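J.: Below are the structure tokens for one structure; questions will follow.
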Amino acid sequence: MAGAQSAFAAGSTNPLWRRDASTLAARLPSLVVAAKQVAQSVMHGVHGRRRAGPGETFWQFRPFISGEPAGSVDWRRSARDDRAYVREREWEAAHTVWIWIDRSPSMAFISELAQASKVERAAVLGLAAADLLVRGGERVGLIGLTRPLATRGVIERFAEAIALDERLSGAGAALPPQVPLNAHAKVLLIGDFLSDEAAIRRAIGALAAQGAQGQVLLIADPIEETFPFEGHTEFIGAGGVMRLRAPRAQNLRDAYLARLARHREAVRAACAARGWGFALHRTDRPAAQALLALRMRLEGPGHAGSSASLMAGGA
């Protein structure tokens with residue numbers, strides 16, 4: 001929502017923001033371990049795609065089709081039958097999935113109700129999703145940070161890229177950079193999307209205009225969803241500069257929740273307008289549940305245009 005980064009509570013007497021720009025880089029080793037564990041826990045419930053295409057792994061023989069180049073015929077297999085056969089190879093890297101992980105200041109928020117900060121959960125889900133996608137034969141890149149990779153060590157490679165960027169540039173922007181994408185790419189954006197609604201529409205529109213199919217996974221802390229504050233409360237902005245003192249915080253609850261709902265609907269509508277999927281994940285819910293559903297949506301046919309909250313671990 002417009003201005004939400006500086007308007008929402010960082011807490012009352014107990015500051016809940018992790019302000020140190022180096023803290024994510026310092027926590028990345030443990031997040032790498034967590035991402036591997038989450039990916040492993042759902043891997044047996046996900047079957048990678050096996051499609052014909054360029055690659056080195058044999059998939060199947062199929063009959064030769066008139067008009068195909070003669071060089072594609074597998075003559076040894078064809079000699080065992082009365083017709084020509086083509087050796088098809090497993091579909092590898094026919095698509096690229098680009099992932100963006102929001103590392104803006106508002107993502108450092110964590111309440112006593114959450115299992116992890118928003119940026120920690122976003123990093124774990126993004127890294128684990130990359131691992132599962134690579135295992136499924138996709139190439140995966142971090143928008144603005146890496147080229148597309150298809151290596152089993154993708155979690156470590158991406159963590160290194162994030163740590164290096166944080167050391168050089170500090171916290172990231174609140175919306176993904178506008179970079180050229182390859183044709184028919186898929187995009188996964190993970191963040192809290194507490195930005196101006198028009199800016200969100202422009203960011204999604206710019207990526208979709210290049211032909212990208214996309215999924216937006218909105219990360220929320222449970223305290224942001226429930227606004228349980230009572231009595232005198234001081235709300236601190238993400239930058240630690242803006243503050244709002246409310247003598248009766250409960251009086252703000254209805255207006256806040258209504259504004260939050262309007263903002264969420266605007267983000268959902270921005271996705272729907274481009275045929276993108278939208279989902280909500282709360283940081284008090286299991287990461288594995290969100291990852292499994294997200295992976296199936298990225299892999300499954302006709303994934304674009306659908307939206308859900310249950311698919312990402314619940315609203």
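J.: Filter the range 124-148 for residues that are part of a loop (DSSP other than H, G, I, E, B) and touching a residue at least 24 places away in the same chain (Cβ under 8 Å); which is farthest from ALA39 (Cα to Cα)?
T.: GLY144
Yes/no matrix, rows are residues, columns are (1) closer than 19 Å to VAL134 by Cβ; (2) at pLDDT 65 or above; (3) crowded, with 16+ Cβ neighbours inside 10 Å; (4) not small (Gly, Ala, Ser):
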| position | (1), (2), (3), (4) |
| --- | --- |
| GLN5 | no, no, yes, yes |
| GLY11 | no, no, yes, no |
| ARG19 | no, no, no, yes |
| ARG27 | no, yes, yes, yes |
| VAL38 | yes, yes, yes, yes |
| SER78 | no, yes, yes, no |
| VAL86 | no, yes, yes, yes |
| ARG103 | no, yes, yes, yes |
| ILE110 | no, yes, yes, yes |
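J.: Pairs only if they're at least six apart or on different chains, beta carbon under 7 angstrom, first in the range 108-120 and within 18 Å of PHE193 (Cα to Cα), second in a helix (DSSP H, G or I) and of a type in the set (Lys, Arg); list them, first residue then second.
T.: PHE109/LYS118; GLU120/ARG27
The values are calculated or read from the model by the stated rules, or taken from the named source; none is laboratory data. Being a predicted model, the structure only gives us computed values, none of them experimental. FYI the Cβ positions are ideal-geometry reconstructions off the backbone, even for glycines, and counts take in every protein chain you see.
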